[in-house]
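Notes to accompany the following structure.
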Amino acid sequence: MNAFTHERDWRTPTATDWKRTGTRAIGDACYILLRVSGWMAMTLLATFGVAILFFLMLGDFTALGFFSQVANLGTRFVAADQARRAAFGDQLFVVWLVAFGIVAVTRVRLLGAIITSTKGSRHG
(Lines give C-alpha, C1' and ligand atoms only; values in the text may rest on other atoms or scores of the structure.)
Protein backbone atom coordinates (compact mmCIF):
# COMPACT_ATOMS: atom_id res chain seq x y z
CA MET A 1 0.00 0.00 0.00
CA ASN A 2 1.33 3.38 -0.95
CA ALA A 3 0.63 5.95 1.76
CA PHE A 4 0.34 8.84 -0.70
CA THR A 5 -1.85 7.42 -3.45
CA HIS A 6 -3.88 4.94 -1.36
CA GLU A 7 -3.19 2.17 -3.81
CA ARG A 8 -3.99 -1.20 -2.39
CA ASP A 9 -4.02 -4.79 -3.47
CA TRP A 10 -7.75 -5.58 -3.44
CA ARG A 11 -7.48 -9.32 -3.49
CA THR A 12 -9.82 -11.45 -1.39
CA PRO A 13 -8.29 -12.48 1.94
CA THR A 14 -7.65 -16.18 2.30
CA ALA A 15 -7.90 -18.33 5.40
CA THR A 16 -4.14 -18.17 5.94
CA ASP A 17 -4.25 -14.35 5.84
CA TRP A 18 -6.80 -14.29 8.65
CA LYS A 19 -4.82 -16.85 10.61
CA ARG A 20 -1.60 -14.85 10.20
CA THR A 21 -3.17 -11.56 11.30
CA GLY A 22 -4.94 -13.26 14.22
CA THR A 23 -1.78 -14.87 15.53
CA ARG A 24 0.11 -11.62 15.07
CA ALA A 25 -2.54 -9.76 17.08
CA ILE A 26 -2.33 -12.36 19.84
CA GLY A 27 1.46 -12.11 19.78
CA ASP A 28 1.34 -8.32 19.99
CA ALA A 29 -1.13 -8.48 22.87
CA CYS A 30 1.10 -10.94 24.74
CA TYR A 31 4.12 -8.72 24.12
CA ILE A 32 2.35 -5.65 25.49
CA LEU A 33 1.01 -7.65 28.44
CA LEU A 34 4.52 -8.84 29.32
CA ARG A 35 5.96 -5.35 29.03
CA VAL A 36 3.20 -3.81 31.18
CA SER A 37 3.51 -6.56 33.80
CA GLY A 38 7.25 -5.85 33.96
CA TRP A 39 6.48 -2.17 34.46
CA MET A 40 4.03 -3.02 37.23
CA ALA A 41 6.55 -5.33 38.94
CA MET A 42 9.26 -2.67 38.88
CA THR A 43 6.82 -0.06 40.18
CA LEU A 44 5.84 -2.40 43.01
CA LEU A 45 9.50 -3.03 43.86
CA ALA A 46 10.12 0.71 43.89
CA THR A 47 7.19 1.11 46.29
CA PHE A 48 8.78 -1.50 48.59
CA GLY A 49 11.97 0.53 48.34
CA VAL A 50 10.10 3.65 49.47
CA ALA A 51 8.86 1.76 52.56
CA ILE A 52 12.38 0.56 53.37
CA LEU A 53 13.73 4.06 52.87
CA PHE A 54 11.10 5.36 55.29
CA PHE A 55 12.25 2.98 58.03
CA LEU A 56 15.88 3.75 57.24
CA MET A 57 15.15 7.45 57.70
CA LEU A 58 13.40 6.75 61.01
CA GLY A 59 16.43 4.71 62.11
CA ASP A 60 18.91 7.48 61.26
CA PHE A 61 20.26 5.50 58.26
CA THR A 62 21.91 2.84 60.43
CA ALA A 63 21.21 -0.88 60.46
CA LEU A 64 20.64 -0.87 64.22
CA GLY A 65 18.17 2.03 63.96
CA PHE A 66 16.37 0.40 61.02
CA PHE A 67 15.85 -2.91 62.79
CA SER A 68 14.93 -1.14 66.05
CA GLN A 69 12.13 0.73 64.26
CA VAL A 70 10.87 -2.43 62.57
CA ALA A 71 10.99 -4.33 65.89
CA ASN A 72 9.13 -1.48 67.62
CA LEU A 73 6.41 -1.59 64.99
CA GLY A 74 6.18 -5.38 65.27
CA THR A 75 5.89 -5.49 69.06
CA ARG A 76 3.24 -2.77 69.09
CA PHE A 77 1.29 -4.54 66.35
CA VAL A 78 1.34 -7.85 68.25
CA ALA A 79 0.31 -6.15 71.51
CA ALA A 80 -2.68 -4.34 69.92
CA ASP A 81 -6.20 -5.72 70.03
CA GLN A 82 -8.01 -7.00 66.95
CA ALA A 83 -9.87 -3.76 66.16
CA ARG A 84 -6.68 -1.70 66.19
CA ARG A 85 -4.90 -4.27 64.03
CA ALA A 86 -7.70 -4.06 61.48
CA ALA A 87 -7.62 -0.26 61.54
CA PHE A 88 -3.83 -0.29 61.12
CA GLY A 89 -4.12 -2.73 58.23
CA ASP A 90 -6.62 -0.46 56.50
CA GLN A 91 -4.44 2.60 57.04
CA LEU A 92 -1.38 0.73 55.80
CA PHE A 93 -3.25 -0.32 52.67
CA VAL A 94 -4.26 3.28 51.92
CA VAL A 95 -0.71 4.54 52.49
CA TRP A 96 0.61 1.75 50.26
CA LEU A 97 -1.81 2.69 47.48
CA VAL A 98 -0.84 6.36 47.72
CA ALA A 99 2.87 5.47 47.61
CA PHE A 100 2.26 3.15 44.65
CA GLY A 101 0.31 5.91 42.90
CA ILE A 102 3.10 8.43 43.42
CA VAL A 103 5.72 6.02 42.10
CA ALA A 104 3.46 5.07 39.17
CA VAL A 105 2.89 8.73 38.26
CA THR A 106 6.63 9.31 38.18
CA ARG A 107 7.03 6.28 35.90
CA VAL A 108 4.00 6.82 33.65
CA ARG A 109 6.11 8.25 30.84
CA LEU A 110 7.98 4.97 30.64
CA LEU A 111 4.67 3.12 30.44
CA GLY A 112 3.66 5.27 27.49
CA ALA A 113 6.93 4.48 25.77
CA ILE A 114 6.41 0.77 26.42
CA ILE A 115 2.92 0.72 24.94
CA THR A 116 3.66 2.84 21.87
CA SER A 117 7.04 1.34 21.01
CA THR A 118 7.45 -1.26 18.34
CA LYS A 119 9.14 -4.58 18.68
CA GLY A 120 11.50 -3.85 15.86
CA SER A 121 11.71 -5.14 12.33
CA ARG A 122 10.46 -8.60 11.54
CA HIS A 123 13.03 -11.19 10.61
CA GLY A 124 11.52 -13.43 8.03
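Every residue, every condition in (1) modelled with pLDDT of 95 or more; (2) part of a helix (DSSP H, G or I); (3) acidic (Asp, Glu), yes or no:
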site: 7; (1), (2), (3): no, no, yes
site: 13; (1), (2), (3): no, no, no
site: 19; (1), (2), (3): no, yes, no
site: 26; (1), (2), (3): no, yes, no
site: 39; (1), (2), (3): no, yes, no
site: 45; (1), (2), (3): yes, yes, no
site: 51; (1), (2), (3): no, yes, no
site: 87; (1), (2), (3): yes, yes, no
Tell me, which residue of region 32-61 that is touching a residue at least 24 places away in the same chain (Cβ under 8 Å) and among the hydrophobic types (A, V, I, L, M, F, W, C) is surrounded by the most Cβ atoms within 10 Å (Cβ to Cβ)? 39
Residue 115 fails exactly one of (1) touching a residue at least 40 places away in the same chain (Cβ under 8 Å); (2) surrounded by 12 or more Cβ atoms within 10 Å (Cβ to Cβ); (3) under 30 Å from residue 27 (Cβ atoms), namely (2)
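The values are calculated or read from the model by the stated rules, or taken from the named source; none is laboratory data. Keep in mind that this is a model prediction, so the values were computed, not measured. Please note: Cβ atoms are built from the backbone with ideal geometry, for glycine as well, and neighbour counts cover all protein chains shown.
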